[in-house]
Structures are given as structure tokens and as C-alpha cells.
1. Label the stretch 90-210 by shape, choosing from rounded, prolate and oblate, from the square roots a ≥ b ≥ c of the eigenvalues of the Cα gyration tensor; if a/c is under 1.5 it is rounded, and otherwise prolate applies when a/b is larger than b/c, oblate when it is not.
2. If the label point is 7 Å along Cα→Cβ of Ser131, which residues in the stretch 160-193 have backbone nitrogen under 11 Å from it?
3. Tell me, Val154, Val19, Val138, Val125 in order of fewest to most beta-carbon neighbours within 10 Å?
4. Rounded if a/c is under 1.5, else prolate if a/b is larger than b/c, else oblate: which is the stretch 11-95, with a ≥ b ≥ c the root eigenvalues of its Cα gyration tensor?
5. Which net charge results when you count Lys and Arg as +1 and Asp and Glu as -1 among the other residues whose beta-carbon is under 15 Å from that of Lys209?
6. Using only DSSP helix segments of four residues or longer, with each worth -39500 (n - 2.57), what per-residue ellipticity at 222 nm results for the chain after dividing by its residue count and rounding to 500?
7. Run the paramagnetic zone check for Gln160: 7 angstrom along Cα to Cβ, then residues of the stretch 114-136 with backbone nitrogen under 20 Å.
8. For a Förster distance of 35 Å, can you work out the FRET efficiency between the beta-carbons of Val19 and Asp152, rounded to the nearest 0.05?
Amino acid sequence: MRAGVVVFPGSNCDRDMAVALKNAGAEVSMIWHKATEIPTGLDVIALPGGFSFGDYLRVGAIAARSPICQSVIRFADKGGYVFGVCNGFQVLTETGLLPGALLRNAGLKYVCRHQTLKVTTTNSVYTGGYSTGQTITVPIAHHDGNYNLPADDVKKLFDQDRVAFTYVDNPNGSVADIAGVLSENRRVMGMMPHPERLAEEAHGGTDGKPFFANLFDQFVSA
């Protein structure tokens, strides 16, 4: 599997993401935000966490309009796989690749802790390493993780089995406890929690490891 990790000014999880992908067996390329083309031969693109462009204007808004994101959109439109974590999820909603918006946490405070998640679907390359209904522990670290969209769209997400993860003990006010969602074609996924931060024993837990291991296996076996 060949993966690309996009780096924006303010990204602070890009190296963590690259290490998690490499540990799963992937060949990883780092892609600077001013690049206008995606490296050829990539299977998947990751948008990492952090505070792209200092979260000025609106979280993810400036990054979504950077040169590389136009190529990410084209990559996704042509059937490529793209996932975003934390700030990466915010960027994906700003590009329109995923529905909804990430707002200020309901408690108006930054939250940084281990968080229990429920795996809502295993029907994706990102969640296939888990079991439906399984609970896992994954770190969160965000100030604007309150996922919102209209009630009819929330129902559509659940009806189409596009909710990837939900929170157990909602930390930010996200509608229907949603922690991660999939696009209609199931190739694009965004989530606020950080699987790359709990993907090896040195982190104190490995609940994030199946996320990357299954992603690698899907492309190796394809």
C-alpha cells in the first residue's frame, strides 16, 4: 500500500500518522500543502490532526482551499481513498467530501483524554479490523469537535450505515454521539479521535492498530 500524508502549516500529527501507516506496512510520502499534484500510484491519502493555519477564520477552512486540497478532491472523485483525523476531519467537511460541520465543543473547552468509542459499522476499509458494537479506547484532543448536521441528514447517515464510530459518554456535544462518518461511496472517512496515538505498545494501548492494519490488508489483498 502506498499512502500520502498531507502536511499543512500547523499540522502536529503528521509524523504520528506517517509512523502508524509505516508500522502497518505502508510506503508513505509526505505531501506539502502547496503541492498541486498528488504523487502517482497512491492508494490512500491521510489528512492529519493539528491546527492547520492556526484555525484562523474557521477550523479547516483555509486548509480546504490550499492547492493540494483541490487535488485531494479530484483524487476522491476518481475513486481514491481519503481519511482525515481531527483537523483532517474538519478539512474534509470544509471541502464537501463529507457532510456536516465541526463546531466549538458544547462545553466551550478543549478536551484531551482517552475516549471510549463504539464501532458502529465494519463495512469499510477503515473499520473492518473491528467488530460491530465493539468498544475501543482512542485519544481525543480537540476544541472544535462538535459534529453537527440537520436531523434528516443524521437519519440518512444511520440508515445508510455510514456512521463509523460513536462516542460512549459524549465529550463535545456531537449530534447523535457521532465520532466518525463515511462518504456515500464509503471511500472517504473522517473522525475526531486519534487512532494513530494509540497504535503501539509504547503508547500504552493498541486499540488504534487494527484501523491501520486492516487498511493495509485491504490494499495488499486487492
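1. Note, shape of the stretch 90-210 comes out oblate.
2. Label zone hits: none.
3. Listed from fewest to most nearby Cβ atoms, that is Val19, Val154, Val125, Val138.
4. On the way: a/c = 1.83, a/b = 1.23, b/c = 1.49.
Note, shape of the stretch 11-95 comes out oblate.
5. -4
6. -7000 deg cm²/dmol
7. Once the point is set 7 Å along Cα→Cβ of Gln160, 120-128 turn out to lie under 20 Å by backbone N, inside the stretch 114-136.
8. Details: r = 40 Å, r/R0 = 1.14.
With a Förster radius of 35 Å, E is 0.30.
Every read-out reported here was derived from the displayed coordinates using simple, explicitly stated rules and does not represent laboratory data. The structure displayed is predicted, hence computed values, not measured ones. Every residue, glycine among them, receives a Cβ derived from its backbone with ideal geometry; neighbour counts consider all protein chains shown.
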